[in-house]
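K.L.:
This is the structure, below, for whatever I ask next.
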């Protein structure tokens, strides 16, 4: 079955947008000693303050087993720490260390600059619409 022309065009644009974002990310993360996935894990934790492993895995879209390996590596780099959850004995909270906080602030600032660049040609109303569309897509995935 052939995709409608508009769907094909949209698919092409999504891939192009993804590749451009990936290229920007790779250029920033390249010299940090982190992978892009590790930088984004730190970013998610930084926005959440302290977050349960299960919730973080869901936000990132990976299994808790895969996240455990990633957190182990980031703990060895002294960027994240696990602490027992205060009400759920089976759960751990993931938090930034002071070094992780510095890493988060630096990467978050990059994301703000990147976002400013992406939306610079949009009106405030278009920026609001763009954010709404992204939020709607994220709820469905």
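Bear in mind that the values in this text are calculations on the coordinates, not laboratory data. Given the structure is predicted, the values throughout are model-derived calculations rather than measurements. Here Cβ is always computed from backbone atoms with ideal geometry, including for glycine, and neighbour counts include all displayed protein chains.
K.L.:
Let me know the shape class of the chain, please: from the alpha-carbon gyration tensor, a ≥ b ≥ c as square roots of the eigenvalues, rounded when a/c is under 1.5, otherwise prolate if a/b is greater than b/c, or oblate.
P.N.:
prolate
K.L.:
So, one more: Just 82, 73, 30 to compare: in a GNM of the chain, with alpha carbon springs under 10 Å, which one fluctuates most?
P.N.:
30
K.L.:
Still on this structure, I have one more. Counting pairs of alpha carbon atoms under 8 Å apart in space and at least six apart in sequence, what relative contact order in percent does the stretch 23-80 give?
P.N.:
25 percent
K.L.:
Based on the Cβ-Cβ distance from residue 24 to residue 62, what FRET efficiency comes out when R0 is 22 Å, to the nearest 0.05?
P.N.:
0.50
K.L.:
To continue, here is another question. Please report 29, 71, 5, 119 as a ranked list, fewest other C-beta atoms within 10 angstrom at the top and most at the bottom.
P.N.:
Taking fewest neighbouring Cβ atoms as first place, the list is 5, 119, 29, 71.
K.L.:
Could I ask something else about it? Compute the Cα gyration tensor for the stretch 81-134, then decide on rounded, prolate or oblate, letting a ≥ b ≥ c be the square roots of its eigenvalues: rounded whenever a/c is under 1.5, prolate when a/b is larger than b/c in the other cases, and oblate in all that remain.
P.N.:
In terms of gyration-tensor shape, oblate.
K.L.:
Now for a different question. Figure the gain on full extension for residue 31 and residue 83 (residue separation times 0.36 nm, minus the Cα-Cα span) and round it to one decimal in nm.
P.N.:
So the chain would gain 15.8 nm between residue 31 and residue 83.
K.L.:
Mind telling me which of 121, 65, 46 comes out most flexible in a GNM of the chain, alpha-carbon contacts under 10 Å?
P.N.:
Between 121, 65, 46, it is 121 that shows the largest mean-square fluctuation.
K.L.:
A follow-up question, please. What is the fewest-to-most order of 138, 79, 34, 10 by other Cβ atoms lying within 10 Å of their Cβ?
P.N.:
Ordered by Cβ neighbours within 10 Å, fewest first: 138, 10, 34, 79.
K.L.:
Provide 101, 6 in ascending order of the number of other Cβ atoms located within 10 Å of each residue's Cβ, fewest first.
P.N.:
6, 101
K.L.:
Please report the spacing between the Cα centers of the stretch 77-127 and the stretch 26-54 in Å, no decimals.
P.N.:
Distance between centres, Cα-based: 7 Å.
K.L.:
I need the calculated FRET efficiency for the pair residue 6 and residue 116, taking r as the beta carbon distance and R₀ as 25 Å, to the nearest 0.05.
P.N.:
After rounding, the FRET efficiency stands at 0.30.
K.L.:
When the chain is treated as a GNM, springs tying every alpha-carbon pair under 10 Å, which of 97, 87, 63 comes out with the largest mean-square fluctuation?
P.N.:
So, out of 97, 87, 63, the one fluctuating most is 87.
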